[in-house]
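The values are calculated or read from the model by the stated rules, or taken from the named source; none is laboratory data. Owing to the predicted nature of the structure, the values given are computational and were not obtained by experimental measurement. Methodologically, a virtual Cβ is constructed for each residue, glycine included, from the backbone with ideal geometry; neighbour enumeration extends over all protein chains shown.
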Amino acid sequence: MFFLDDIVIIIGLSAAVLYLCHRLELPTIVGYLLTGLLTGPYGFKLVGNPEAVMKLAEIGVVALLFTIGLEFSFRNLVQLRRTALLGGTLQVLLTLLIAAAISHGLGRPAGQSIFIGFLTALSSTAIVMRLL
């Protein structure tokens, strides 16, 4: 029953935050990220069972990556080869380096900072591809 309460809280808050983002002409992904920050264990701790919600979130990430794969065809890749390869590589590398530098600046060891940089680059790529 607690899991259902958590889902209701997340959906209710996301509706309010998404409405606010719409009024401010911000992308919906910003609203979802803000909702996660507000409800999560480092925000207002509105979710009582974060482990269960995280499992559901993993399913959401898989669905997001699946829809990106459905929308992206080999023909599009051939047409955009230079832009996609150069821009994609540059985006991943810059995101990796910036996230790793910030993480290292916050006191994380080098190996952990690089890992955080890779995670950030992967997630930012999924978001950027969905927006494109």
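Looking only at the range 62-98, which residues are among the β-branched types (Val, Ile, Thr), surrounded by 13 or more Cβ atoms within 10 Å (Cβ to Cβ) and at pLDDT 75 or above?
Result: 92, 95, 98.
Spot the failing condition for residue 42; the list is (1) within 17 Å of the chain's Cα centre (by Cα); (2) loosely packed, with under 11 Cβ neighbours inside 10 Å; (3) within 20 Å of residue 122 (Cα to Cα), and only one is missed.
Among (1) within 17 Å of the chain's Cα centre (by Cα); (2) loosely packed, with under 11 Cβ neighbours inside 10 Å; (3) within 20 Å of residue 122 (Cα to Cα), the lone unmet condition for residue 42 is (3).
Kindly provide the set of residues from the range 45-55 that are at pLDDT 80 or above and surrounded by 14 or more Cβ atoms within 10 Å (Cβ to Cβ), ordered by number.
Matches in the range 45-55: 46, 47.
If residue 32 meets every condition in (1) of a type in the set (Phe, Trp, Tyr); (2) surrounded by fewer than 16 Cβ atoms within 10 Å (Cβ to Cβ); (3) assigned to a helix (DSSP H, G or I) apart from one, which number is that one?
(2)
Given 84, 63, 99, 57, which one is in the same structural domain as residue 122 (by TED's automatic domain parsing), under 17 Å from the mean Cα position of the chain (by Cα) and outside any loop (DSSP other than H, G, I, E, B)?
99
Can you pull out the residues in the range 19-29 that are surrounded by 12 or more Cβ atoms within 10 Å (Cβ to Cβ), part of a loop (DSSP other than H, G, I, E, B) and modelled with pLDDT of 85 or more?
Selection gives 26 alone.
What is the one condition in (1) in contact with a Pro (Cβ under 7 Å, 6 or more places away or on another chain); (2) assigned to a helix (DSSP H, G or I) that residue 112 does not satisfy?
Status for residue 112: all satisfied but (1).
Are there any pairs, at least 6 apart or on different chains, whose C-beta atoms fall under 8 Å, with the first in the range 98-110 and farther than 15 Å from residue 121 by Cβ and the second surrounded by 12 or more Cβ atoms within 10 Å (Cβ to Cβ) and of a type in the set (Val, Ile, Thr), and if so, which?
108/116
Quick one: what pairs do we get from the range 43-65, first residue in contact (Cβ under 8 Å) with a residue 60 or more places away in the chain, second of a type in the set (A, V, I, L, M) and in a helix (DSSP H, G or I), C-beta under 8 Å, 6+ apart or different chains?
Close Cβ pairs (under 8 Å, with a partner that is of a type in the set (A, V, I, L, M) and in a helix (DSSP H, G or I)) amount to 61/126; 64/126; 65/126.
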